[in-house]
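Participant: Before we start, here is the structure in question, set down as structure tokens.
The values are calculated or read from the model by the stated rules, or taken from the named source; none is laboratory data. The structure presented is a predicted model; accordingly, all values stated were derived computationally and were not measured. Here the Cβ positions follow ideal geometry from the backbone for every residue, glycine too, while neighbour counts run over all protein chains shown. Accessible surface areas use protein heavy atoms only, side chains included; no ligands, DNA or RNA. Shrake-Rupley method; radii C 1.70, N 1.55, O 1.52, S 1.80 Å.
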Amino acid sequence: MVRIIGILIGLFFSGWLLVSFGLGLKEYVTNPPVKPVEYAFHEEAKDVSFSTDGPLGKFDRQQLQRGFQVYKEVCAACHSLRLVAFRNLEDLGYNEDEVKAIAANWAIETPDIDPATGEMSTRPSLAADKFPKPFANDVAAGAANNNAIPPDLSLITKARGGGAPYIYSLLTGYQDPPADLPDASKPGPGLHYNPYFANLNLAMAPPITMDDQVSYSDGTKASVDQMAKDVSAFLIWTAEPKLEERHQAGWAVLAFLLIATILAYLSYRTIWADVKAEKKKKTADA
């Protein structure tokens, strides 16, 4: 009896789920959900390539140094790199003395404690230090940026859908709102229209505004497009500094698997040939 009641209860709930699914499907077909107006104006990331693309991708050290310069002169006043240490810049091609000089002359000093008084203080950064935050805390960051807290850029190309192309598109995508943009979606005070941002309105003002905003030491023309691409490439490196090693390890694993597969196949052929020979011999003996 208990088993029959359990079966009936199970059938009841199964039937109820099927009815609910049918009603939901009917509602979806007859009254499809209306996408927000942002969908009509939002644009996907631009088609841009980087030297790190693909399984054979490698870092362009010259580009990484240019990108670091853009970060230093344009982005560092608002955005932190909390997971990157100054000494990591040696991977970009800077020597030890250059790294020490960069750290010591960094515009924002590293927080410290005065050993004489025990009070909070700051000191020039060392090569072993992480890049110091531009603001003491999120409250200070929001107060200085229209209540919008600038994100840390250490992992930004992994944290944002679209990766580096999205960052590049965002930096080069500021424009005037379209004439047919509904009033409710137009940027309010302190906001800026950018079709590559999810809700179209971005609190960050255009950081790269004109050509030659920085002066590249390698002679590269510092156009808006070039600076945006260089700093995007630099942020690929901050998010995955071991990318080249990962690519190399991947090819080594593939080579190992290929050789192992060939050896296994040859071993199989040899064993199978021996088995066939043994059977043939037994047949002949019989």
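Participant: How big is the dipole moment of the range 70-123 about its Cα centre under a simple scheme where the beta carbon of each Lys and Arg is +1, that of each Asp and Glu is -1, and everything else is neutral? Debye, nearest 20, please. List each step's numbers first, then the result.
Facilitator: Details: 5 positive and 10 negative charges, 34 e Å.
Dipole about the Cα centre, nearest 20: 160 debye.
Participant: Taking amide H positions as placed 1.01 Å from N in the peptide plane, with prolines and chain starts having none, which residues 5 or more places from ARG123, or on another chain, fall under 5 Å of its amide H?
Facilitator: So ARG123 has HN proximity to THR110, ASP112.
Participant: Tally up the carbon and sulfur contribution to the accessible surface of the chain as a whole percent, 1.4 Å probe, everything protein left in place.
Facilitator: Of the solvent-accessible surface of the chain, carbon and sulfur hold 61 percent.
Participant: I would also like to ask the following. With +1 assigned to the C-beta of every Lys and Arg and -1 to the C-beta of every Asp and Glu, and no other charges, what is the dipole magnitude of the chain about the Cα centre in debye, to the nearest 20? Before the final figure, lay out each step's value.
Facilitator: Details: 27 positive and 34 negative charges, 383 e Å.
That gives the chain a dipole magnitude of about 1840 debye.
Participant: What FRET efficiency would be calculated for the residue pair LYS58, TYR265, taking the C-beta separation as r and a Förster radius of 30 Å, to the nearest 0.05?
Facilitator: Working: r = 33 Å, r/R0 = 1.10.
Efficiency computed from Cβ-Cβ geometry: 0.35.
Participant: Let me ask you something else. Could I have the simple spin-label model distance between THR30 and ALA136, label points 7 Å from Cα toward Cβ, reported in nm to one decimal?
Facilitator: Between THR30 and ALA136, the simple spin-label model gives 6.1 nm.
Participant: Would you kindly derive the ³J(HN,Hα) couplings of the range 214-229 from the backbone phi angles with the Karplus curve 6.51 cos²θ - 1.76 cosθ + 1.60 (θ = phi - 60°), listing them in order in whole Hz, with x for Gly and Pro?
Facilitator: For the range 214-229, the Karplus curve yields 10, 10, 6, 6, 8, x, 5, 5, 8, 6, 4, 4, 5, 5, 5, 5 Hz.
Participant: Take LYS100, project a point 7 Å from its Cα along the Cβ direction, then tell me which residues of the range 117-133 have their backbone nitrogen under 19 Å from it.
Facilitator: 123-131
Participant: Here is a follow-up. What whole-number value in Å² describes the accessible area per residue of the chain for a 1.4 Å probe?
Facilitator: It amounts to 64 Å² per residue over the chain.
Participant: Here is a further query. In terms of modelled amide H atoms, which long-range or inter-chain residues lie less than 5 Å from the amide H of ASN201?
Facilitator: Distant-sequence amide H within range of ASN201: ASN194.
Participant: Considering the options LEU257, LEU155, THR209, tell which one lies farthest towards the positive end of the dipole of the range 148-286, charges being +1 on Lys and Arg and -1 on Asp and Glu at the Cβ, about the Cα centre.
Facilitator: Result: LEU257.
Participant: Is the shape of the range 135-265 best called rounded, prolate or oblate, per the rule: a/c under 1.5 gives rounded, else a/b larger than b/c gives prolate, else oblate, with a ≥ b ≥ c the square roots of the Cα gyration tensor eigenvalues?
Facilitator: Prolate shape, in that a/c is at least 1.5 and a/b is the bigger ratio.
Participant: Could you state how much accessible area ILE113 has, in square angstrom rounded to the nearest 10, with a 1.4 Å probe and all protein chains kept in place?
Facilitator: Result for ILE113: roughly 90 Å² accessible.
Participant: Let me ask something else about it. Grab the Cα-Cα distance for ASP225 and PHE21, subtract it from 0.36 nm times how many residues apart they are, and report the gain in nm with one decimal. It would help to have the intermediate numbers written out before the result.
Facilitator: Working: separation 204, 0.36 × 204 = 73.44 nm, distance 5.01 nm.
Taking 0.36 nm per residue and subtracting the Cα distance, the gain is 68.4 nm.
Participant: Pop out the ³J(HN,Hα) list for the range 263-271 in order, Karplus 6.51 cos²θ - 1.76 cosθ + 1.60 with θ = phi - 60°, rounded to Hz; leave Gly and Pro as x.
Facilitator: Result, rounded to whole Hz: 5, 5, 5, 5, 5, 4, 4, 5, 5.
Participant: In sequence order, what are the phi-derived ³J(HN,Hα) couplings for the range 80-90 according to the Karplus relation 6.51 cos²θ - 1.76 cosθ + 1.60 with θ = phi - 60°, rounded to whole Hz, with x for glycine and proline?
Facilitator: Using θ = phi - 60°, the values come out as 8, 10, 5, 9, 10, 9, 4, 5, 5, 5, 4 Hz.
Participant: Sticking with this one: Compute the FRET efficiency between ASP47 and LEU243 as 1/(1 + (r/R0)^6), taking r as their Cβ-Cβ distance and R0 = 22 Å, and round to the nearest 0.05.
Facilitator: The pair ASP47/LEU243 has a calculated efficiency of 0.60.
Participant: Give the residue from HIS192, PRO182, LEU170 lying farthest towards the positive end of the charge dipole for the range 168-279; charges sit on Cβ (+1 for Lys and Arg, -1 for Asp and Glu) and the dipole is referred to the Cα centre.
Facilitator: Sorting the options by dipole projection puts first LEU170.
Participant: So if R0 is 45 Å, what FRET efficiency would ASN146 and LEU257 give, r being the distance between their Cβ atoms, rounded to the nearest 0.05?
Facilitator: Working: r = 53 Å, r/R0 = 1.18.
Here the calculated transfer efficiency is 0.25.
Participant: Rounded, prolate or oblate: which fits the chain, taking a ≥ b ≥ c as square roots of the Cα gyration tensor eigenvalues, rounded meaning a/c under 1.5, else prolate when a/b beats b/c?
Facilitator: Because a/c hits 1.5 or more and a/b fails to exceed b/c, the chain counts as oblate.
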